[in-house]
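Only the coordinates and a few stated rules stand behind these numbers; no lab work does. Quantities reported herein were computed from a predicted structural model and do not represent experimental measurements. Cβ coordinates were reconstructed from backbone atoms using ideal geometry, including for glycine residues, and neighbour counts include every protein chain displayed.
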Amino acid sequence: MSNPPAPAFDRRDALVLLGSAGLAMMAAKANAQPANDAHNAPDLSSVFGWDAAKGEYTLPKLPYPHDALEPHLDKATMEIHHSKHHQAYVSGLNKALAELKKARDAADFTLVKHWSREIAFHGGGHVNHCLFWATMAPPGPGVGGEPTGDLAAAITRDFGSFDAFSKHFQAAAAAVEGSGWAWLVHDHVARRLMIQQMEKQQNLLVTMVTPLLGCDVWEHAYYLRYQNKRADYVKAWMNVINWPVVEKMYAHIAG
Ligand code: MN
């Protein structure tokens with residue numbers, strides 16, 4: 001076997017640039033393994049679709065079929081969202097990283113601001129969607145409804161009640177101006193939960209927090225079924241939250 005070509009950039013460097021990377025990693029791990037197996041090295045390559053031979057990201061596989069979240073999220077939307085929109089972020093991230101490699105090789109950083117912004121947007125889109133897929137699941141035990149255990153206690157402590165959290169989260173999601181996300185995050189300074197909005201794939205979320213759960217409110221996430229009724233989509237989306245995964249991520253971060 002010949003040695004694979006050297007990647008165009010170091011994977012660890014790339015992951016540092018990807019704000020939610022660690023969370024998506026843990027989400028996939030929580031899906032796949034028991035909580036007490038937390039210290040084993042996670043399989044970053046499959047979570048982020050990293051192809052070491054090519055030195056590029058590829059689109060990770062959905063952890064369930066396209067129609068698995070019906071009737072809340074329809075098959076056509078899921079198929080287009082994953083295979084077209086998420087793929088576009090993966091391609092955009094690879095393009096930006098490759099262009100910055102060229103810039104280093106040529107010692108020409110004329111466009112460094114442009115390509116850095118492209119990494120933030122497309123890299124953000126990539127990891128946001130990795131986390132999005134991992135924190136949803138087909139309706140079943142633990143899915144939708146309310147969380148349990150430490151996360152449930154923290155939600156009551158920091159929002160007053162699950163109902164108050166749910167109303168706040170849905171209002172934040174419905175009110176994102178333009179395209180973006182609502183996130184349940186953990187504030188590492190105050191050590192408490194917060195709800196924040198994100199515009200596009202990267203703006204507004206402050207850096208001392210780690211995302212736990214996000215609702216994608218770009219029109220591509222809901223328009224086929226819900227048209228302009230974003231609030232109806234967000235309410236339906238609450239039914240496919242994979243709370244056991246979110247609980248395990250919370251334990252990793254805040255425990
Ligand atoms: Mn999306």
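Going by neighbour counts of Cβ atoms within 10 Å, the residues Leu151, Leu204 line up, fewest first, as Leu204, Leu151. Full extension of the chain between Glu199 and Lys235 gives 11.0 nm of extra length, using 0.36 nm per residue less the Cα-Cα distance.
Got a sec? How would Lys200, Lys84 order by Cβ neighbour count within 10 Å, fewest to most? The partial results should precede the final answer.
Working: Lys200 17, Lys84 11.
Sorted ascending by nearby Cβ count, the order is Lys84, Lys200.
Here's the list of lysines a cross-link from Lys229 could span, going by alpha-carbon distance under 30 Å and ignoring same-chain residues fewer than 8 apart: Lys61, Lys75, Lys84, Lys167, Lys200.
Report the extension gain between Lys113 and Arg157 in nm, rounded to one decimal, defined as 0.36 nm multiplied by the number of residues separating them, less their alpha carbon distance.
11.7 nm is the gain from fully extending Lys113 to Arg157.
Computed extension gain for Ala106 through Asp187, at 0.36 nm per residue and net of the alpha carbon distance, reaches 25.1 nm.
Applying the Karplus relation 6.51 cos²θ - 1.76 cosθ + 1.60 with θ = phi - 60° to the stretch 83-94 yields 3J(HN,Hα) values of 7, 9, 5, 4, 4, 5, 5, 4, 5, x, 5, 4 Hz, where x marks Gly and Pro.
Could you rank the peptides 240-248, 120-128 by their average count of other C-beta atoms within 10 Å per residue, with the highest value first? Numbers along the way, then the final one.
Working: 240-248: 22.0, 120-128: 24.1.
Put in order of decreasing packing, that is 120-128, 240-248.
Take the Cβ atoms of Ser179 and Ala251, set R0 to 22 Å, and the FRET efficiency comes out at 0.10.
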